[in-house]
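Before we start, here is the structure in question, set down as structure tokens.
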Amino acid sequence: MADEITIDTIRHFNDYYGFEHLNPMITIGRYAGEMEPGEVTYNFGVYAIYIKETKGCKINYGLTKYDFDEMSVMAFAPGQKVTTTVLPGQEQLRWSVLAFHPDFLTRTALGRKMSAYGFFSYNSNEALHLSKDEVELMQSVMSFIDREIRHAVDRHSRAIIIAHLEVFLDYCLRFYERQFYTREIINSTVMDRFSVLLDAYIAEEIQDRGFPTVAYFAGRLNLSPGYFGELVKTYSGINAKDFIAERLVNAARELLNDMSLSVTQVSDRLGFDYPQHFVRFFKRRTGRTPKEFRNISMN
């Protein structure tokens with residue numbers, strides 16, 4: 001059984017890794033050395049972004065295991081539980097980390113913006129892979145933050161650190177978005193699988209399971225809802241919820257063209273609890289009620 005560690009303050013974070021404790025709200029650390037083989041589960045109460053520079057460590061987040069390549073990034077948020085495994089013979093590890101407490105962002109513009117950084121909710125198999133130049137760029141921003149942490153505290157300190165922190169997170173976001181495009185072949189395969197699963201769901205499962213959700217298909221594809229949603233949006237130009245709704249509308253049009261079916265029967269076949277819910281859904285998506293659609297298609 002894995003040892004379990006709770007890291008809910010920056011002091012705990014620094015003490016655990018042996019980093020110098022300079023600021024109660026934010027820290028920069030670099031690790032280069034040995035770690036004991038085995039499993040450790042971490043309960044995070046802070047934000048932590050690791051830039052890993054060596055192989056030999058597996059991580060398990062949710063139901064997915066991932067074997068890190070060199071130059072990869074993983075981001076964790078408060079409330080997440082992560083299990084890492086250091087492999088025998090691979091105890092020599094090198095990585096850098098930026099960690100900060102959520103209270104550090106209280107009443108700041110960055111604090112209100114944190115929901116935009118969806119990568120904190122991505123699964124471990126969705127790690128960000130960086131080029132050497134990208135790693136050097138991110139480490140250079142970390143060096144600015146580290147320099148400010150070590151500077152004598154004055155009335156500008158927090159604002160300067162948060163400004164650099166926002167730049168760091170924006171680079172993460174940019175590189176993640178780049179990865180969605182550079183992994184086009186992989187993403188195309190995921191989209192093909194999603195389309196097949198969605199069509200089968202609408203044809204065979206929707207009456208029993210109800211309206212299809214983004215979370216359901218993300219789970220079937222072993223992706224986090226956030227990552228899956230960004231992938232669908234990048235590939236199709238619309239968000240995953242709208243993609244599902246458009247497929248459902250297309251299925252509704254086909255069923256409505258069968259005049260032997262009543263609107264209530266079409267609604268039931270598409271998994272709606274009440275016909276009026278189907279009518280509102282169809283009108284919102286097409287601008288017409290099912291009855292109006294039928295009248296137009298018959299003329």
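Return the residue satisfying two criteria in turn: it lies in the stretch 93-107 and is within 23 Å of the chain's Cα centre (by Cα) and assigned to a loop (DSSP other than H, G, I, E, B), and of such residues it is modelled with the highest pLDDT.
My answer is His101.
For Phe282, indicate whether it is part of a helix (DSSP H, G or I), touching a Lys or Arg at 6+ places or on another chain (Cβ under 8 Å), over 30 Å from Phe180 (Cα atoms) and not acidic (Asp, Glu).
Yes.
Yes/no per residue for (1) at pLDDT 90 or above; (2) within 23 Å of Phe120 (Cβ to Cβ):
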{"position": "Val190", "(1), (2)": "no, yes"}
{"position": "Ala200", "(1), (2)": "yes, no"}
{"position": "Gly210", "(1), (2)": "no, no"}
{"position": "Asn222", "(1), (2)": "no, yes"}
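If a residue must be modelled with pLDDT of 75 or more and either assigned to a strand (DSSP E or B) or within 19 Å of Glu148 (Cα to Cα) (or both), how many such residues does the stretch 34-62 contain?
The qualifying residues number 13.
Okay, next question. Of the residues that sit in the stretch 285-299 and are assigned to a loop (DSSP other than H, G, I, E, B) and modelled with pLDDT of 90 or more, which one is farthest from Arg253 (Cα to Cα)? Show your work before the answer.
Residues of the stretch 285-299 that are assigned to a loop (DSSP other than H, G, I, E, B), as a first pass: 287-289, 299.
Those left that are additionally modelled with pLDDT of 90 or more: 287-289.
Numbers: Gly287: 13, Arg288: 11, Thr289: 11 Å.
If we take residues in the stretch 285-299 being assigned to a loop (DSSP other than H, G, I, E, B) and modelled with pLDDT of 90 or more, then Gly287 is farthest from Arg253 (Cα to Cα).
Tally the residues that are part of a loop (DSSP other than H, G, I, E, B) and either surrounded by 15 or more Cβ atoms within 10 Å (Cβ to Cβ) or modelled with pLDDT of 80 or more (or both), restricting the search to the stretch 63-89.
6
Here's another thing I want to ask about it. Select from the stretch 274-297 the residues that are out of contact with any Ser or Thr (no Cβ under 6 Å at 6 or more places or on another chain) and without any contact (Cβ under 8 Å) to a residue 12 or more places away in the chain and list them in ascending order. Outline the logic, then answer.
Within the stretch 274-297, the first condition is being out of contact with any Ser or Thr (no Cβ under 6 Å at 6 or more places or on another chain), and the residues that meet it are 274, 276-277, 280-282, 284-297.
Within the stretch 274-297, Tyr274, Gln276, His277, Arg280, Arg284, Gly287, Arg288, Thr289, Glu292, Asn295, Ile296 meet the criteria.
Right, something else. Can you say whether Ala215 is under 14 Å from the mean Cα position of the chain (by Cα) and modelled with pLDDT of 90 or more, as far as the supplied structure shows?
yes
The values are calculated or read from the model by the stated rules, or taken from the named source; none is laboratory data. These numbers were taken from a predicted model, which means no experiment stands behind them. Counting neighbours? That spans all protein chains shown, and the Cβs are built from the backbone with ideal geometry, glycine included.
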